[in-house]
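The values are calculated or read from the model by the stated rules, or taken from the named source; none is laboratory data. Since the structure is predicted, the reported quantities are computational estimates derived from the model, not experimental observations. Cβ: placed from backbone, ideal geometry, glycine included. Neighbour counts: every protein chain shown. The protein model used for the area step is the full one, side chains on, heavy atoms only, and it has no ligands, DNA or RNA in it. Shrake-Rupley method; radii C 1.70, N 1.55, O 1.52, S 1.80 Å.
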2 protein chains.
Amino acid sequence: MKAHEIESSIVELLTTYNELNSSHIEELDEEPSPLEFMRYVARNTPFVVRRGARDWVATRTWDAAYLRSRLAGNKVNVAVTPLGNADAPTPDGEGHTVFAKPHEEDQEFNEFLDYVIQQEKSSPFNSDQQARKKGDEVRYAQTQNDNLRHEYITLFSQVEKSIAFARIALQRDPDAINMWIGNSRSVTALHRDNYENIYVQVAGRKHFVLLPPMFQPCVNEQDLEPATYVRSQSEEGRQHEGGGGGGLVLRMDEAIDENGDRPPRIPFATWDPDIPEVGATSYSHLAEPMRVSLEPGDMLYLPAMW
Amino acid sequence: MKAHEIESSIVELLTTYNELNSSHIEELDEEPSPLEFMRYVARNTPFVVRRGARDWVATRTWDAAYLRSRLAGNKVNVAVTPLGNADAPTPDGEGHTVFAKPHEEDQEFNEFLDYVIQQEKSSPFNSDQQARKKGDEVRYAQTQNDNLRHEYITLFSQVEKSIAFARIALQRDPDAINMWIGNSRSVTALHRDNYENIYVQVAGRKHFVLLPPMFQPCVNEQDLEPATYVRSQSEEGRQHEGGGGGGLVLRMDEAIDENGDRPPRIPFATWDPDIPEVGATSYSHLAEPMRVSLEPGDMLYLPAMW
């Protein structure tokens, strides 16, 4: 098969997908049965259950004051970046795009929460780089290591141990139960995981932009060299940080062995459906992302590989 | 992406699939629940329920004598070919492979059944072309137009109107309920349908060779010109029929419009897992077909696109 034949086949495939599938997410009023859920799994199709978790202890009782009282004195792992770009493709200032990993540090929970709330109050929904204050940085508690059974264990007694419809359908308990805390500056770059996910909005809002697995040709996946933010006060640091970021400087990851081999590159989407004109492939214009905003108590089924 | 990169990616994909999946079909002792069935649908994985239809009226009571009594005087549509190659890639005798459609004719049911049984008795399991008698042909009642609600309507009262686990899981009644009657000379070429199928063996045996959808690169799909067998006694006919076939000659299908345009070619697999050395692609050796033989009363879930 020649390259242009492959291209036109992919165009036809994606166009047909768009014709046959809505880009509006299905909305349910109540949790599905295990069988109903399994139908969505079989079709690899997301849905949202509006207010599906309204009766959870967490959605009824967790707020800043409550979390402060439960977690006072606890250290939590925080991802720190200048722009909210934790695990995201990022220009390195020298003409290349690298995979930027956050600076990770343990912070006292109440300090972390104060920072996140204060930042939101002072410039809510402000993603404009020019308006950021000197020393401003984005802090996002985003560990994915089953953190409710680890660093947030004091909250675990108030969390559902599994979601019945998913446990019964998939015949297994969750591999991980995670809580994430951020503000409107917290962003997660377009990526995919090989897990079936149930996401519940406990407080605040989150805006998802979802692409079906088939639209992989649109996302301009590239093998990126890994780099990690570190705190630095040097002049060199300020240059690399792109004009802000609380002394955060992006350093290329070190060689991993005595031969000086570079660490493995990370295959990652470099196209962003919210900035569609940058880094587009010849297929990107065919992507019709499914957008869904979650309100407190809403529950989202995010299928594997979306 | 360059051609050799695509090739090595496909090789890796198929090799990994083989490592992660068994080529032995899963065997159940009883019908699955709708939820259990939906798990197989979600995984696009076949299973067989051994003796799952043992209590059906059809499996308990249908035999040649019974069918004769119920269908005496009825005409049924029969696919007639020299080699059992109805809807199969076939050499046209002039160096090309064409898509051979059977000669279709309405036959008195009892005559048809007599022929099928007599042929089986005289040379059971004989696929050797040399041994075929002059004038021998293969007759296969293989309509797929929901035939139990049409030409076999007199049997329909004894047939399950749906299979509960599939109806409940998929939330719909079957699109078609078909019965097929043939003998060991009846062959169906490697093909795929975009339907979830439940196949029940009422009498005799059938041997399936199944490939997962992902193994499409192995099957050497080609766009074949359509041709149809017709009955002919001419010399020309005998030459084209490949040395047998009861006066059946393969004729290229006629132009479809006044411009003389050829009828559309039919994309079809030309590689046969049972003759793996012929027409192989560079991926065919990676195919590990799933083979399953059904005995009377066995039930097979044949997923869409396998």
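Per-residue ellipticity at 222 nm from helix content only, as computed over chain A with -39500 (n - 2.57) for each DSSP H run of at least four residues, stands at -6500 deg cm²/dmol.
What a 1.4 Å probe finds exposed on the range A:10-107 is 48% carbon and sulfur by accessible area, rounded to a whole percent.
Residues in the range B:77-88 carry Karplus couplings, in order, of 7, 10, 8, 10, 9, x, 10, x, 9, 6, 6, 9 Hz; the curve used is 6.51 cos²θ - 1.76 cosθ + 1.60 with θ = phi - 60°, and Gly or Pro positions show x.
Counted over the range B:1-47 with a bin width of 5 Å, the fraction of Cα pairs per bin, in whole percents, is 5, 16, 18, 17, 13, 11, 9, 6, 4, 2. With the label put 7 angstrom out from Cα along the Cα-to-Cβ vector, B:SER157 ends up 6.8 nm from the copy partners, going from closest to farthest. Entry comment: accessible area of the range A:56-195 is 53 Å² per residue, from protein heavy atoms only and a probe of 1.4 Å. How large, in percent, is the carbon and sulfur part of the accessible surface of the range B:140-290 at a probe radius of 1.4 Å? Using a 1.4 Å probe with all protein chains present, the range B:140-290 comes out at 49 percent carbon and sulfur. Cβ-Cβ distance of B:ARG149 and B:ALA72, R₀ of 22 Å, FRET efficiency by 1/(1 + (r/R0)^6): the value works out to about 0.65.
Once C-alpha pairs closer than 8 Å and six or more residues apart are averaged by separation and normalised to the residue number of chain A, the relative contact order reads 27 percent.
For the listed peptides B:36-45, A:205-214, a ranking on the average number of other beta carbons within 10 Å per residue, highest first, reads B:36-45, A:205-214. So what's the net charge close to B:GLU27: Lys and Arg +1, Asp and Glu -1, counting the other residues with Cβ under 10 Å from its Cβ? Local charge sum for B:GLU27: -2.
The Cβ shell under 11 Å around A:PRO212 holds other residues with a net charge of +1, Lys and Arg each +1, Asp and Glu each -1. Size check on the range A:1-107: the Cα extents along the three principal axes, sorted descending, read 62, 52, 19 Å.
Each listed q (0.11, 0.12 Å⁻¹) maps to a log10 I(q)/I(0) for the protein assembly as shown, found by the Debye formula over equal Cα scatterers with no solvent: -1.16, -1.30. Interface residues of the range B:11-47, defined as those with an accessible-area decrease of at least 40 Å² between the chain by itself and the complete set of protein chains (probe 1.4 Å), are B:LEU35, B:MET38, B:ARG39, B:ALA42. Think of the protein assembly as shown as having a plus end and a minus end, set by charges on the Cβ of Lys, Arg, Asp and Glu; of B:ALA72, B:ASN220, A:ALA42, B:ALA72 sits farthest toward the positive end of this dipole. The coefficient of translational diffusion for the range A:37-165, derived via Stokes-Einstein from the alpha carbon Kirkwood radius under 10 °C and 1.306 mPa s, stands at 90 µm²/s. If you plug the beta carbon distance of B:GLU26 and A:VAL57 into 1/(1 + (r/R0)^6) with R0 = 51 Å, you get a FRET efficiency near 0.80. For chains B and A, what's the summed buried accessible area, probe 1.4 Å, to the nearest 100 square angstrom? Answer for the B-A pair: about 800 Å² buried.
Net length available on complete extension from B:ASP193 to B:SER122 is 22.2 nm, with 0.36 nm assigned per residue and the Cα-Cα distance removed.
Relative to its residue count, chain A spans a Cα convex hull of 173 Å³ per residue. Among residues other than A:ASP106 with Cβ under 10 Å from its Cβ, the summed charge is -3 (Lys and Arg +1, Asp and Glu -1).
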